[in-house]
Amino acid sequence: MTEASLPVPASVEAPTKKSTQNQTLKLARYIGIRLITLLIAVTIGVYLTILIANMGGYVDEILKGQIRERISVQIGLDPTRQNLTMAERNKLIDELVTIEEHRLGLDQPFLMRSFRFLGHAMVLNLGRAQHMASDSGSKLVRNIILERLPPTLLLMSSSSLLLFFITLFFALYLSRNYGNLLDKLVIALSPTSAAPAWFYGIFLLLLFASVLGWLPFGGMVAAPPPDAPIAYALSVLRHLILPVVAWIISGFFAGVYGYRTFFLIFSMEDYVELARAKGLTSKDIERRYVLRPTLPNIITNFALTLIGLWNGATILETVFNWPGIGRLVYQAIGLYDSPVIIGTTVINAYLLAITVFLLDFIYALVDPRVRVGGGGSRS
């Protein structure tokens, strides 16, 4: 019998199949543990938000006081009940207050209600707002959030994505020209990013809206809104300029400094010097040996930027009177509207958990050193 016709021993194939099965089980176990861990983290975060938004139950006492005050005013203004004695009026008020508190569930202990809120929130049953309403009059938290979402996506996508790509490519340019005047200037100005975007927004409003009068003070569109679609779009674009510029100024120098540092670290590695000695072009070295190792950091920042698009910038939107999610949260905090606060937090928590989960697999795709569920270094 020739060597080619020899049968393959079963012991040769068995380890391969067994190894594949082990890897599959490891991956499945890792995914399960990861999902459970993220779910626990989201649950804890949402429950803490419920406790904070309700101030440990103190908001319930505020609501009870508002209910009693509202019913007392209604009875006092009702002409059919003007002849009631004080005792009869107080008794009627107590009865109506009890009915209203029972309808809203305020007659139950806050701890019990908090766990019921948690259960509804985790299945995205966001309920009804206590004080706020959408422009169409809906009290559903879902409708209120959806109504404010497009303005926030417009503002944050314009500012955050511009900031991300501008800082990335500018940092790449500085890493090629390390030590020149522009590089030193960026390092010197990086502390200016400690100031938030709304801080620069106030100065931009004072200069370009108040003093020069070139741009509007705030809002999303002129009042009354233009009827023509092109005029409407130009009006929105004009109102976008100042908040977008404020956001970019706030994050530009710190973003450039951070990316530049990563690029410089990897551009000074020994394998980069070896690639230069082999005669590879600067573009090939930059793409294969500098950008690729920094991809996990870049992808993480980009993913977190995408999450921030929907969340809005609370104070920036308030300063510019921008009708987005950030301003909605600011108003909800002022009105103690817990369902709206909890609703926005729940959605953001789920988006963050999903992003963190997906990033594990994206890292494995872009960096061969990373193994999903491997539990150790590569052999």
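Computed quantities for the displayed model
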quantity: Radius 13 Å from Cβ of residue 101, net charge of other residues (Lys, Arg +1; Asp, Glu -1); calculated: -1
quantity: The stretch 29-47-the stretch 148-207 distance, computed between alpha-carbon centres (Å); calculated: 34 Å
quantity: Cα-centred dipole magnitude for the chain, charges only on beta-carbon of K, R (+1) and D, E (-1), debye, nearest 20; calculated: 880 debye
quantity: Footprinting exposure proxy for 122, 86 (fewest neighbouring C-beta atoms within 10 Å first); calculated: 86, 122
quantity: Under the span-like rule (Cα at least 20 Å along the axis, Kyte-Doolittle mean at least 1.6), DSSP H helices of the chain; calculated: 338-366
quantity: Given charges at Cβ of Lys, Arg, Asp, Glu: the chain dipole, positive-most of 281, 328, 357; calculated: 281
quantity: Size of the stretch 21-122 as Cα extents on the principal axes (Å, biggest first); calculated: 84, 20, 19
quantity: Cleavage-rule hits, chymotrypsin sites (Phe, Trp or Tyr not before Pro), the stretch 266-310, DSSP coil, Cβ neighbours within 10 Å at most 14; calculated: none
quantity: Net charge dipole size for the stretch 143-366 [Lys, Arg +1 and Asp, Glu -1 on Cβ; Debye, nearest 20]; calculated: 460 debye
quantity: Magnitude of the charge dipole, the stretch 21-122, Cβ model with Lys/Arg +1 and Asp/Glu -1, debye to 20; calculated: 680 debye
quantity: Inter-label distance, nm, simple model (7 Å from Cα along the C-beta direction), residue 166/residue 107; calculated: 5.9 nm
quantity: Exposed-loop-free span, longest in the chain, where trypsin sites (Lys or Arg not before Pro) count as exposed if DSSP calls them loop and at most 12 other C-beta atoms lie within 10 Å; calculated: 1-277
quantity: Contour excess over end-to-end distance, with Cα ends at residue 276 and residue 66 and 0.36 nm allotted per residue; calculated: 68.3 nm
quantity: Whichever aspartates and glutamates have a C-alpha closer than 19 Å to that of residue 91, once near sequence neighbours (fewer than 8 apart) are set aside; calculated: 69, 78, 100, 101, 107
quantity: Calculated FRET value between residue 203 and residue 261, using beta carbons and R₀ = 30 Å, to 0.05; calculated: 0.60
quantity: Cα gyration tensor shape for the chain, rounded if a/c is under 1.5, else prolate or oblate; calculated: oblate
quantity: Gaussian network model of the chain, springs between alpha carbon atoms under 10 Å - residue of 54, 348, 180 with greatest fluctuation; calculated: 180
quantity: Listed residues 351, 237, 181, most fluctuating in the chain (Gaussian network, C-alpha, under 10 Å); calculated: 181
quantity: Span from the the stretch 271-325 Cα centroid across to the the stretch 71-88 one, whole angstrom; calculated: 65 Å
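Each value in this text was obtained by applying a stated rule to the coordinates, not by laboratory testing. Quick caveat: nothing in here was measured; it's all calculated off a predicted structure. Every residue, glycine among them, receives a Cβ derived from its backbone with ideal geometry; neighbour counts consider all protein chains shown.
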